[in-house]
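Participant: One structure is given below, represented as structure tokens, and several questions about it will come after.
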Amino acid sequence: MSKLMTMSEAVARYVPNGSSVAISLALEPLIPFAAAHEIIRQQRRNLTLIGPISDILFDQLIGAGCVERVTAAWVGNVSEGLGYCYQRATEKAIPRAISIEEHSNFTIGLALLAASLGSPYIPTRSTLGSDIPSHNTALRLERSPLDGTPLLLVPALRPDVTIVHVQRSDEDGNAHLWGNSGICGEAMLAAKDVILEAEEIVDREVILSDPNRVLGPSFKVRAVVHERWGAHPSAVQGYTNRDHPFYHEYHERTRSVEGFQDWLEEWVLHLPSRADYMKKLGEERLQRLRVKEHRYAAAVDYGY
């Protein structure tokens, strides 16, 4: 049975208030902005956001009042630096106070990996020389039973829903993702439910032609959303380039609460669909961001 649905339907079904949501998992590319904007429009509240280095997607959700807790390595605007909504929330409780569970990029990956394996934790020596363990009480300092040396136990992290943007998927949720995948695979396996945004919907035969590129098992996927340009302004390798000026404009306009609200109304609240969003971007800008030089991988022989 097809899992295709609109983003509105997917968020309504699988992102209720109070959910823990793993999103923005491929670091700088493949950020599911379309899903985040629909979460904002549906006024979801008390969410826990889970991710590594999160770009302005986290900042937008925080500024819109959707977030209660952040479990991440960093929140901001990668190419510009600070995320003003995140700063206001943590320092002044505007629009609301949020709690922070600090991780490194590595330990957030280990936490999701542990859940994907069904393990209660994964031991590591990473971050032992930092102050992260003192700020995150979920991380436990122990001694190795083998040689008595210090270890850090990173507990499993099981999101209610993981949202991933991919290049292509079939209607059942068998998806291809290439380029930097970050911790998308671990987060997909760790989560209870998975929502896929896809640039293209293709026949299953296309996916089966390259099984090594499949992100994860389709039985984890609850919803597949055909959402072209759903990751803008981030990059999607082979489809679209990063829109650097968009990030700069966001940075400049969101320095104040009023500026963020104006930006939010213009780019999210008054654009009910991604088609409306693309229309606002304009064909000239879209054309400028499309891939100009295609670089195809060599053919792979899966014969036997």
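Read-outs throughout are calculated quantities, based only on the coordinates presented, and are distinct from any laboratory measurement. All values derive from a computational prediction rather than experimental measurement. Quick reminder, even Gly has a Cβ in these numbers, built from the backbone with ideal geometry, and neighbours come from all protein chains shown.
Participant: Diagonalise the Cα gyration tensor of region 183-304 and give the resulting equivalent ellipsoid semi-axes, square root of 5 times each eigenvalue, largest first, whole Å.
Facilitator: 32, 19, 13
Participant: What ranking of F58, F260, F219, F106 emerges when the number of other C-beta atoms within 10 Å of each C-beta is taken as an exposure proxy, fewest first?
Facilitator: F219, F106, F260, F58
Participant: Enumerate the amide H contacts of L82 below 5 Å, restricted to partners 5 or more residues apart or on another chain; note that Pro and chain-start residues carry no placed amide H.
Facilitator: N77
Participant: Next question, about the same structure. How compact is the chain by the rule of thumb for globular proteins, expressed as Cα Rg over 2.2 N^0.38 Å?
Facilitator: For the chain, the normalised Cα radius of gyration comes out at 1.01.
Participant: Multiply the residue separation of A97 and E258 by 0.36 nm, subtract the distance between their alpha-carbon atoms, and state the gained length in nm to one decimal.
Facilitator: 56.2 nm
Participant: Continuing with this model, one more query. Counting Lys +1, Arg +1, Asp -1, Glu -1, what net charge surrounds L112 among other residues with beta carbon under 12 Å of its beta carbon?
Facilitator: 0
Participant: While we're looking at this one, here's another question. Once fully extended, how much extra length lies between E200 and T149, figured as 0.36 nm per residue of separation less the alpha-carbon to alpha-carbon distance?
Facilitator: Gain on stretching E200 to T149: 13.4 nm.
Participant: Separate question: Run the reach check for K292 against lysines, Cα to Cα strictly under 29 Å, same-chain hits fewer than 8 apart removed. What comes back?
Facilitator: K279, K280
Participant: Determine, for E28, E283, the number of other Cβ atoms within 10 Å of each Cβ, and report the residues in order from fewest to most.
Facilitator: In order of increasing Cβ crowding within 10 Å: E283, E28.
Participant: Something else: What is the gain in length, in nm to one decimal, between R69 and D301 on full extension, counting 0.36 nm per residue of separation less the C-alpha to C-alpha distance?
Facilitator: Length gained between R69 and D301: 78.9 nm.
Participant: Once amide H atoms are placed 1.01 Å from N in the peptide plane, what residues at a sequence separation of 5 or more from Y121, or on another chain, have their amide H within under 5 Å of its amide H?
Facilitator: Excluding prolines and chain starts, which carry no amide H, the hits are A156.
Participant: Suppose we look only past 22 Å in the calculated P(r) of region 89-241. What percent of the Cα-Cα pairs does that tail hold?
Facilitator: In whole percent, the long-distance tail amounts to 53.
Participant: Separate question: Report the local net charge at R222: Lys and Arg +1, Asp and Glu -1, summed over other residues whose C-beta lies under 14 Å from its C-beta.
Facilitator: Charge balance in the 14 Å sphere: -2.
Participant: List the residues whose amide H sits under 5 Å from the amide H of S20, counting only those 5 or more places along or on another chain, with H placed 1.01 Å from N in the peptide plane.
Facilitator: Under 5 Å from the amide H of S20: T48, D160, V161.
Participant: Which order do the peptides 208-218, 108-118, 125-135, 31-41 take when ranked by the mean count of other beta-carbon atoms within 10 Å per residue, highest first?
Facilitator: 31-41, 108-118, 208-218, 125-135
Participant: Using θ = phi - 60° and the Karplus form 6.51 cos²θ - 1.76 cosθ + 1.60, what ³J(HN,Hα) does each residue of region 69-84 get, whole Hz, x for Gly and Pro?
Facilitator: Couplings: 8, 10, 10, 7, 8, 6, 10, x, 9, 3, 7, 10, x, 6, x, 5 Hz.
Participant: From the backbone phi of region 279-296, what are the Karplus-calculated ³J(HN,Hα) couplings (6.51 cos²θ - 1.76 cosθ + 1.60, θ = phi - 60°) in whole Hz, Gly and Pro given as x?
Facilitator: 4, 5, 4, x, 4, 4, 5, 4, 5, 5, 8, 5, 4, 9, 10, 7, 10, 7
Participant: Just going by the charge dipole of the chain, with Lys and Arg at +1 and Asp and Glu at -1 on Cβ, which of S144, H270, S24 is farthest out on the positive end?
Facilitator: Result: S144.
Participant: Can you pull a Stokes-Einstein diffusion coefficient for region 66-114 at 10 °C (1.306 mPa s), Rh from Kirkwood over Cα pairs, as a whole number of µm²/s?
Facilitator: My calculation gives 135 µm²/s for D.
Participant: Still on this structure: What is the distance, in nm, between label points placed 7 Å from the Cα along the Cα-to-Cβ direction at E293 and at R13?
Facilitator: 4.3 nm
Participant: Based on alpha-carbon atoms only, what is the radius of gyration of region 5-151 relative to the globular estimate 2.2 N^0.38 Å?
Facilitator: So the Cα radius of gyration is 1.13 times the expected 2.2 N^0.38 Å.
Participant: What list of ³J(HN,Hα) couplings, whole Hz, do you get for region 213-225 from phi and the Karplus terms 6.51, -1.76, 1.60, once you set θ to phi - 60° and write x for glycine and proline?
Facilitator: With the stated coefficients, region 213-225 comes to 9, 6, 5, x, x, 5, 5, 7, 8, 9, 9, 10, 10 Hz.
Participant: Oh, and also: Determine, from the Cβ-Cβ distance of S273 and T137 and an R0 of 30 Å, the FRET efficiency 1/(1 + (r/R0)^6), rounded to the nearest 0.05.
Facilitator: For R0 = 30 Å, the calculated efficiency reads 0.10.
Participant: Could I ask something else about it? Beyond 15 Å, what share of the Cα-Cα pairs of region 211-267 remains, rounded to the nearest whole percent?
Facilitator: Here the tail beyond 15 Å accounts for 67 percent of pairs.
Participant: What's the exposure ranking of R290, R88, going from fewest to most Cβ atoms within 10 Å?
Facilitator: R290, R88
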